[in-house]
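The values are calculated or read from the model by the stated rules, or taken from the named source; none is laboratory data. All of these numbers come straight from a predicted model, not from anything done at the bench. Here Cβ is always computed from backbone atoms with ideal geometry, including for glycine, and neighbour counts include all displayed protein chains. These area figures cover heavy atoms from the full protein model, side chains too; ligands, DNA and RNA do not enter into them. Shrake-Rupley method; radii C 1.70, N 1.55, O 1.52, S 1.80 Å.
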2 protein chains.
Amino acid sequence: MRTSQLYLSTLKEAPSEAELLSHKLMLRAGLIKKLGSGLYTWMPLGLRVLRKVEAVVREEMNKAGAQELLMPAVQPAELWQETGRWAVFGPQMLKIKDRHERDFCFGPTHEEVITDIARSELRSYKQLPVNFYQIQTKFRDEIRPRFGVMRAREFVMKDAYSFHANFESLQATYDVMYKTYSNVFTRLGLKFRAVAADTGAIGGSGSHEFHVLADAGEDLLAYCPDSEYAANVELAEALAPATPRGAASEAMRDVDTPKQTLCEDVAKLLGVGIEKTVKACALMTVDGQFVLALLRGDHNLNEVKVSKLDGLGDFRFATDEEIRAHLNCPPGFIGPVGVAANVKVIADRTVAAMNDFICGANKPKFHLAGVNFGRDLPEPAVVADIRNVVAGDPSPDGKGKLELCRGIEVGHIFQLRTKYSEAMNCLFVNESNQQQVMEMGCYGIGVSRIVGAAIEQNYDERGIIWTKGIAPFTIAIVGVGYHKSEAVKAAADQLYAELQAAGVEVLLDDRNERPGVMFADMELIGIPHRITIGDKALAEGMVEYVARAGGEMQKLPLDGLAAKVQQLVS
Amino acid sequence: MRTSQLYLSTLKEAPSEAELLSHKLMLRAGLIKKLGSGLYTWMPLGLRVLRKVEAVVREEMNKAGAQELLMPAVQPAELWQETGRWAVFGPQMLKIKDRHERDFCFGPTHEEVITDIARSELRSYKQLPVNFYQIQTKFRDEIRPRFGVMRAREFVMKDAYSFHANFESLQATYDVMYKTYSNVFTRLGLKFRAVAADTGAIGGSGSHEFHVLADAGEDLLAYCPDSEYAANVELAEALAPATPRGAASEAMRDVDTPKQTLCEDVAKLLGVGIEKTVKACALMTVDGQFVLALLRGDHNLNEVKVSKLDGLGDFRFATDEEIRAHLNCPPGFIGPVGVAANVKVIADRTVAAMNDFICGANKPKFHLAGVNFGRDLPEPAVVADIRNVVAGDPSPDGKGKLELCRGIEVGHIFQLRTKYSEAMNCLFVNESNQQQVMEMGCYGIGVSRIVGAAIEQNYDERGIIWTKGIAPFTIAIVGVGYHKSEAVKAAADQLYAELQAAGVEVLLDDRNERPGVMFADMELIGIPHRITIGDKALAEGMVEYVARAGGEMQKLPLDGLAAKVQQLVS
């Protein structure tokens, strides 16, 4: 395509409303245009990018044997009432009344509609399994839409739903979808991680989120650079230290800590590392049991992990009054030594392996040093993983050390099991001629969100740097003096024609603009490769090549140019 | 694709709700599935068809230099309030309130949104003209949705909007769009006509509707088989007869017509052709002028044409009382002879060329025969085209005779001029550095409706007959005994692989079903070509070929089969 035929509209400055970098760049590059809060028009260049993502998703879904269909965006309330979600989905659902005052919604998701289709279409185990998907505009009425297409109200989603005669079949399709999602993000050229998700309230057993790794992500992830391991930091397991607890070598003694209530301040005062300190978090169980949870001074309590311990479900933090009542000491100086028998001590795995440590003395303005389990206090009642992992922790899969990063959730796969099929009476006849409830899985990809996430991962101060799988065009040709120099025009037109004929997606910048404007635009809109054709280099039979992602400008001979360029871009 | 991988769900009987043939066949072939009134899911096979139509539309629009974008489906009320259409669009618009009680609608069309984009994006004449389009799901809350996808509430539309510095530019793009639409429908293999439309109330000067010709169409069209001429029957011009009026040869006389009030009955009684009779329609102008409009007995009054005559705007039919008051005669026997000077006589062009005709005598139970203008009554005050054309009338372009047919409107192009740009202050700076209002055009295609219309035009008692441009697959291979005969399986698999490699869209029916079931399904879903592979013919080194549209079964040799099949389908 030629820029003269492409509606291109770049801005020097992003509108002030944009906070996130990808949002700013998408507005500056003219990919999107705001219509209203959380509502964006995909302008021609932006739509090209969106369609690239769509195409990769579609191809990989088809390869996986999923079948595309297209359900209505507008859905009748009756189906949502069957599952009870009409009442509980909340204000994110855009509810509508039609001219006859009947209730509908603009579909935020399609479990109910597809289950309605399945229960009337799928009658026999012979028709199972089947995996239907669609790529469609959805609406979720976010209370505070922001970040452009990353958290828009109207967005494009790929949603797939599979139906099965048994759990094994669901698991098999789930595994295929896991692999398919990995293929999608790999083809799109994105750094990503599949993360085990907490299935929590919704039930079901298996669930993974797919995150594009980027600093702007809303989720904090732990991952292992040497393996595929990744988890939300809340869910990553902190292993017990590899080396066992050392022997006690110091005597326990009071240390004066007049103003030091935080471990880091105590360690500083005593001139030791914070990893010699232990902090105690005071908790209350629903049964009224007072609990001290012990963590190394530089570690943080993981409430999800604690709440999964016996008796700790729905625990809360103890109040200052409860702490004084049980330990006769104000917060800031509490510890596990000398506590009454009704105080339960739970130690994190790391703490359980510590010796000669420092902790609160249960005496205002004092800590204890040289403390050792077994000698100065009993072994902890419970030893468990109750902390968030930190960078450098061993990876739970034993394959290296964990690092932390932020992630943008762009995909989610989920074993729904029979949550919807049971509520909606979605039955099939099994091999024994018995009616049975179908097993279900669902698999979503935020197609439009991927565009924003890809930018968050790939940009520099000059603009977007598209990966090969997403770029609206593979290469830009900038003719410097295209409208003045016959030679430049001829060389540019020839290369353009040859690359097009070879199936390379090429954008020829044939605008009558200053070279600086053309370079800046091609960089801002992120075209991965650029050939510059100008009279000076042409005189030597050369043109210039540069990759958007960086690297030196190279001179390439005109002779055999198209073939050479094809090599460079492939 | 193999049927084992395609969700195929055919029905012997269509659900009783379906009235129209295309609707029945789409349900029976499993192309769509009803979710609610006017809401349909496009099942995998149906979506393949819809995407074929979309692809042709997209390719032709791109060829025409239009640029695809994607606007939000949900639109803020404010823009519609600027043009006043929020109040006047009526209950077809699905209005929505978001969580903050702000007003939105599910876009039934996008003039307001695109004009909002244009007024902020397009500043200079240098950026004009530009033609933006999208292919998108729209919603119109029809009071009585019916005919499946032909009049659904949620539907897929291609809507394009062009912006221009002057009217000449608009006309040029309009002509390109006219040609583009013709290309689209030609490529889709449909018999269609572009029909000049009445721009009526909306203003603007040029407008054409594109109709697919089919008996089920809601519009009655007049067209010339020997030229491109077509018009809504209401608008087609009835030319004056080529032969001038003959001389009077009979004496005027009363004829006794005791019960005959209709021309056909009078003609029958008198044993003459109805084309010898003239009927008089009594009209009243808004100024109270009593008018007799004369038509040949077998012609019908065209109210649109009459209303365009001087003084006849907003005319109405006269009441029985008014007829008696002016003619002293009851309806059924009225005529133009001997009427008072305050009765205005308007003759259709055909009537003005008649001699020796028969008409009412203004005397109960009597008609007059042998009536001649000039001799028995004055020449008519006005001679004009005031009738609907009939089959056999000369085509207004002088290229043949008109025929009548019914049409399904699938496209509409429209010169909007400045209706929206003026209301929304959509300005640009012209070459003289002056602000000026843009000229606009809009161009719609009912993408999903085309699927239904194509079926209305192409079917038989066995099902759908897809044209080449729309068919979900070009050819079906049916292996008779595929699961029992190694030879059948081998031959079928080989042909399938060879055709796929050659880029032919082929569906291999590898189900373990009776041949009759497979044949019936392939016919019902309308695959244009079919190869049957069975042991008997294979023994002679042959397979069988038949075209869905009809024609004899042919035997084709296995040797060189794929190449031969490619010839047949191309």
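With respect to the stated conditions, B:Glu59 is exposed (fewer than 15 other Cβ atoms within 10 Å of the Cβ), of a type in the set (Asp, Glu) and farther than 26 Å from A:Val149 by Cα. Annotation: A:Ala214 fulfils all but one of (1) of a type in the set (A, V, I, L, M, F, W, C); (2) under 30 Å from A:Ser169 (Cα atoms); (3) touching a helix residue (DSSP H, G or I) at 6+ places or on another chain (Cβ under 6 Å); the unmet one is (2).
A:Leu50 - would you say it is under 28 Å from the mean Cα position of the chain (by Cα), part of a helix (DSSP H, G or I) and facing chain B (nearest Cβ under 8 Å)? Considered against the rule, which asks whether it is under 28 Å from the mean Cα position of the chain (by Cα), part of a helix (DSSP H, G or I) and facing chain B (nearest Cβ under 8 Å), A:Leu50 comes out as yes.
Condition first: modelled with pLDDT of 95 or more, closer than 17 Å to B:Lys34 by Cβ and either at the interface with chain B (Cβ under 8 Å from one of its Cβ atoms) or part of a loop (DSSP other than H, G, I, E, B) (or both). Can you find one or more residues in region A:133-144 that meet it? No - not one qualifying residue is present in region A:133-144. Any residue at all in region A:167-181 that is within 14 Å of chain B (Cβ to nearest Cβ), in contact with a Phe, Trp or Tyr (Cβ under 6 Å, 6 or more places away or on another chain) and crowded, with 19+ Cβ neighbours inside 10 Å? Looking through region A:167-181, none of the residues is within 14 Å of chain B (Cβ to nearest Cβ), in contact with a Phe, Trp or Tyr (Cβ under 6 Å, 6 or more places away or on another chain) and crowded, with 19+ Cβ neighbours inside 10 Å.
Right, B:Asp141: over 16 Å from A:Trp42 (Cα atoms) and not small (Gly, Ala, Ser) or not?
yes
May I ask you to list the residues in region A:314-371 that are buried (at least 16 other Cβ atoms within 10 Å of the Cβ), in a strand (DSSP E or B) and not hydrophobic (A, V, I, L, M, F, W, C)? Result: A:Lys344, A:Asp348, A:Gly360, A:Asn362, A:Lys363, A:His367, A:Gly370. Looking at B:Val57, is it touching a residue at least 24 places away in the same chain (Cβ under 8 Å) and either β-branched (Val, Ile, Thr) or away from chain A (no Cβ under 12 Å) (or both)? Answer is yes for this residue.
A Cβ distance below 7 Å, combined with a sequence gap of six or more or placement on separate chains, defines the contacts here; from region B:27-43, residues that are facing chain A (nearest Cβ under 9 Å) reach residues that are among the aromatic types (Phe, Trp, Tyr) and surrounded by 20 or more Cβ atoms within 10 Å (Cβ to Cβ) in the pairs B:Lys33/B:Tyr40. Here B:Glu513, B:Glu540 are screened, and the one residue that is farther than 29 Å from B:Leu21 by Cβ and charged (D, E, K, R) is B:Glu540.
Residues of region B:534-545 that are hydrophobic (A, V, I, L, M, F, W, C) and buried (at least 17 other Cβ atoms within 10 Å of the Cβ): B:Ala537, B:Leu538, B:Met542, B:Val543.
Just one of (1) under 21 Å from A:Ala66 (Cβ atoms); (2) in contact with a Gly (Cβ under 9 Å, 6 or more places away or on another chain) fails for A:Pro364. It is (1).
The residues of region A:94-113 that are within 28 Å of the chain's Cα centre (by Cα), under 24 Å from A:Asn425 (Cα atoms) and facing chain B (nearest Cβ under 9 Å), listed by number, are A:Phe106, A:Val113.
Here A:Gly65 fits the description: surrounded by fewer than 16 Cβ atoms within 10 Å (Cβ to Cβ), out of contact with any Lys or Arg (no Cβ under 8 Å at 6 or more places or on another chain), part of a loop (DSSP other than H, G, I, E, B) and touching a residue at least 12 places away in the same chain (Cβ under 8 Å).
Go through the residues of region B:515-524 one by one and say whether even a single one is within 40 Å of the chain's Cα centre (by Cα), β-branched (Val, Ile, Thr) and exposed (fewer than 14 other Cβ atoms within 10 Å of the Cβ). There is at least one residue in region B:515-524 that is within 40 Å of the chain's Cα centre (by Cα), β-branched (Val, Ile, Thr) and exposed (fewer than 14 other Cβ atoms within 10 Å of the Cβ). The set of residues from region B:2-26 being open to solvent by 20 Å² or more (accessible area, probe 1.4 Å), polar (S, T, N, Q) and within 14 Å of chain A (Cβ to nearest Cβ) comprises B:Ser4, B:Gln5, B:Ser9, B:Thr10.
Out of A:Ala476, A:Ala471, I need the residue that is closer than 28 Å to A:Leu190 by Cβ, assigned to a loop (DSSP other than H, G, I, E, B) and open to solvent by less than 10 Å² (accessible area, probe 1.4 Å). Which one?
A:Ala471
Go through the residues of region B:207-215 one by one and say whether even a single one is at pLDDT below 95, part of a strand (DSSP E or B) and open to solvent by less than 20 Å² (accessible area, probe 1.4 Å). Yes: region B:207-215 contains one or more residues that are at pLDDT below 95, part of a strand (DSSP E or B) and open to solvent by less than 20 Å² (accessible area, probe 1.4 Å).
Here is a check on your reading of the model: is A:Leu309 part of a loop (DSSP other than H, G, I, E, B) and either open to solvent by less than 50 Å² (accessible area, probe 1.4 Å) or touching a residue at least 12 places away in the same chain (Cβ under 8 Å) (or both)?
yes
The residues listed here are A:Gly452, A:Gly503, A:Gly481, A:Gly463; of these, the one that is more than 20 Å from A:Val546 (Cβ to Cβ) and surrounded by fewer than 23 Cβ atoms within 10 Å (Cβ to Cβ) is A:Gly503. Across region A:494-510, what is the total count of residues that are over 14 Å from A:Ile533 (Cβ atoms) and in a loop (DSSP other than H, G, I, E, B)? Selection size over region A:494-510: 4.
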